[in-house]
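Everything on this sheet refers to the single structure shown next.
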Amino acid sequence: MYKFLLDSSCLIAFIEELNRPDLLKKLQNKSVTLLITNFVKRELEKGNTYKKISENKIKLEIVSIDVKTVDEFITRVAKSIGKGEASVIVYTLMNLDEEIIPILDDKRARQIASKYGIHYHGTIWIIQEILPSLNIISRAESRYLIKILKKSGFYISI
């Protein structure tokens, strides 16, 4: 069905801000694959988010990218974004033949992805479009969850 390559902000939104890890599990139950890069995993391990992901038995497929490749991309193209966002973009570029949808919330990362012709989406798209379309939540609940994210200060770029 879908393969989402998640940046840390998406997982933080579901795990920390919304306290709804169940929604990620329900996505997986609908044959949605959740991928993260080794760089995103490291970012999540700095706080409690990765621990909570494990405790909730959310299965994330970890894809590895060489440190040198990501560092070179940041130096040449993407000085203003973090390694997590850069690794999502680099992995997507390296695997264009796969039907991966990168989930990026950072404005600058989205601009860079667009520059390379990458079709991306964000956390809000998952909440507003995917969860209701898969009958995981109602449209009303999706509006409520987005409202919670806005109140929490979560960066929303639609």
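Tabulated values for the structure
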read-out: Degrees separating the helix 83-94 axis from the principal Cα axis of the chain, which is the longest one; value: 80 degrees
read-out: Expected 222 nm ellipticity per residue - DSSP helices of 4 or more, -39500 (n - 2.57), all of the chain, to 500; value: -13500 deg cm²/dmol
read-out: Kirkwood Rh and Cα Rg combined as Rg over Rh, evaluated for the chain; value: 0.94
read-out: For the stretch 52-145, alpha-carbon Rg and Dmax in angstrom; value: 15.3, 45
read-out: 0 to 90° range, to nearest 10: angle between helix 139-152 axis and the chain longest Cα axis; value: 60 degrees
read-out: Reach of LYS79 by Cα under 17 Å, taken over lysines that are not fewer than 8 positions away in the same chain; value: LYS68, LYS107, LYS115
read-out: Residue among ILE124, ILE74, GLY153 farthest towards the positive dipole end of the stretch 64-158, charges placed on Cβ; value: GLY153
read-out: The stretch 82-147-the stretch 1-53 distance, computed between alpha-carbon centres (Å); value: 12 Å
read-out: Length-normalised contact order for the stretch 2-152 - Cα pairs under 8 Å, 6+ apart - percent; value: 29 percent
read-out: GNM top mover of THR92, THR123, THR69 - the chain, alpha-carbon springs below 10 Å; value: THR69
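Each reported figure results from applying straightforward, stated rules to the coordinates on display, with no laboratory input. None of these values were measured; they are calculated from a predicted model. As a convention, Cβ positions derive from the backbone with ideal geometry for all residues, glycine included, and neighbour counts pool all protein chains shown.
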